[in-house]
Structure formats: structure tokens, C-alpha cells
Amino acid sequence: KIDQAAHNALVVDDMAYAVNTTNAARRALLLTNGNRFLEQALATLPGLSVTRAVTPPLEAQPFDLYVLDRLTMTLPAGANALLIGATSLFTTSGTFSDTQFVRTETHPVTQQLDWRTINVLNAQRVNAPGWLRPVVEAQGGPLLFAGENSANVGLQRAVLLPFELRRSDLPLQIAFPILIANSVDWLAPPQGVNAPTSVRPGEVV
């Protein structure tokens, strides 16, 4: 009887790995009356297919991400959403105009995001659930929320801007495409790995 283990001269080659380099296109529904800045920011993101609508689709369609720009709709359970301006998903209690920047919390949505030069005319006071936490705060209240719902009902992940883009200079700042890219990647992460066809051992992918 031959001892296979004793005749195995190189154990490290007994196992191989393959990396899935194919990303499935992410599908997003943009519900808006028209917002060129937002549409362009979404259009530049690789691997994201955007369907623009003014009213919700009559037939239920699976989307990886819902972007509601001042409009609202009934979202399916477990949906991930980027919410901009007033929606009926959360109640509000007035507005505030003291929007001078105070601090930014560490979160995937706020990576490389510099809010110090952004001016907002006014924002809504959102009665957000406990799982939706402020990640950018001003003197009068939060200007950006993000969170993940651990319950099995309602939204799963959400990013909320409690003000209308047209009532700020955010779309004119470099922070805007960074915020949109960060939000989309956190709300609807790519399904594969963008790896080159040839990688050397120890090389960062």
C-alpha cells in the first residue's frame, strides 16, 4: 500500500481558488420629477442600470436599489433605499435653518466625504427610527442619516437626506458624486469582484 501523504512533495498545490470576476448589473429605480444632477451622478456609476420613473411601476419589479427624490412609493419588505427630501416613509416635525456643519460620523457612506463647505438652506426634522442614525450633523439637527434595520419588516438599509437638493449647493460640490457613489455601493454592493485576469501572489486586489 502506497502512503499518498508521504509521496505528496508539494501540499500547497492541492487546493486551487477561482475568483468570480463577473459583476451582475445592479438595478435601481429612480423615482423623480426630474433632477439632472442626481441622474448624471447615478449614470456614471459602473455596473448600475437605472430605470427613471415619475410614478411607481404598476407591476412589481425586483430592484436592488430604490432612489426616491421628493416622491414616495410603497417599498417591498427588505428594500434598500436612498431617500432625498420629503417622503411619507418617516414622519417629520417641522424644519430647521441652522444647518452649519458640526461633525461627521464614521460610516461607509461618509468615506472621503467633506461636508464642511456645503450649504443647506433648510432641512426637515425627521422622526427617524432608532436603527436610522445621523452620520452628518449640523447645529439644528442631522443632515444625513444611514442605517440598517435588523427587523424582518420594512426597509433593510436606508440613506436619508432630509432636505431637497435644490435647496442646497450639494450638487455643485465634489462631495455630491462621492456621497452618491458611497451610498449606492453600501445600499447595493456589487455581486462580484473586479479582479484582473492575472494576479501575483501577495498582490492587493
**Prompt:** Cα convex hull of region 73-185: mean projected area in nm², to one decimal?
**Reply:** 6.6
**Message:** Report for the chain the percent antiparallel among DSSP-assigned beta bridges with both residues inside it, nearest 5.
**Reply:** 45
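Would you kindly calculate the mean projected area, averaged across all directions, of the convex hull enclosing the Cα atoms of region 126-205, in square nanometres? Numbers along the way, then the final one.
On the way: hull surface 34.7 nm².
It is 8.7 nm².
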**Request:** Pop a pseudo-label 7 angstrom from the Cα along the beta-carbon direction at both residue 7 and residue 200 and give the gap in nm to one decimal.
**Result:** 3.6
**Asked** Hey, what's the per residue convex hull volume over the C-alpha atoms of region 52-131, in cubic angstrom?
**Response** 148
**Item:** Centre separation in Å (Cα based) which lies between region 25-51 and region 133-167
**Value:** 19
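Counting only heavy atoms of protein chains, what accessible area per residue, in Å², does region 51-112 have with a probe of 1.4 Å?
Each residue of region 51-112 exposes 57 Å² on average to a 1.4 Å probe.
Calculate the tail of P(r) for region 28-87: the fraction of all Cα-Cα distances greater than 19 Å, expressed in %.
On the way: 391 of 1770 pairs.
Cα-Cα pairs of region 28-87 separated by over 19 Å account for 22 percent.
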**Asked** If you compute semi-axes √(5λ) of the Cα gyration tensor in Å for the structure shown, which of (i) 29, 19, 17; (ii) 40, 20, 17; (iii) 32, 26, 18 do you land on?
**Response** (ii)
**Length-normalised contact order of region 25-130 in % [C-alpha pairs under 8 Å, at least 6 apart]** = 24
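To the nearest 500 deg cm²/dmol, what mean residue ellipticity at 222 nm is calculated for the chain from DSSP H runs of n ≥ 4 alone, each contributing -39,500 (n - 2.57), summed and divided by the residues?
Numbers: 2 runs with 21 residues, N = 205.
It comes out at -3000 deg cm²/dmol, rounded to the nearest 500.
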**Complete:** Between residue 88 and residue 105, the two model label points (7 Å from Cα along the beta-carbon direction) sit apart by a distance in nm of 2.8
**Message:** Sort 160-170, 123-133 by the packing proxy (mean of other Cβ within 10 Å over each peptide's residues), most packed first.
**Reply:** 160-170, 123-133
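So what is the relative contact order of the chain, in percent, for Cα pairs below 8 Å that sit 6 or more residues apart? Could the numbers behind the result be given before it?
Details: 376 pairs, mean separation 47.9, N = 205.
Reported relative contact order: 23 percent.
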**Request:** On the protein heavy atoms, probe 1.4 angstrom, tell me the percent of accessible surface of region 1-153 carried by carbon and sulfur.
**Result:** 51
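The values are calculated or read from the model by the stated rules, or taken from the named source; none is laboratory data. Since we're looking at a predicted model, the values are computed, not measured. Cβ: placed from backbone, ideal geometry, glycine included. Neighbour counts: every protein chain shown. Note: areas computed on protein heavy atoms with side chains; ligands, DNA, RNA excluded. Shrake-Rupley method; radii C 1.70, N 1.55, O 1.52, S 1.80 Å.
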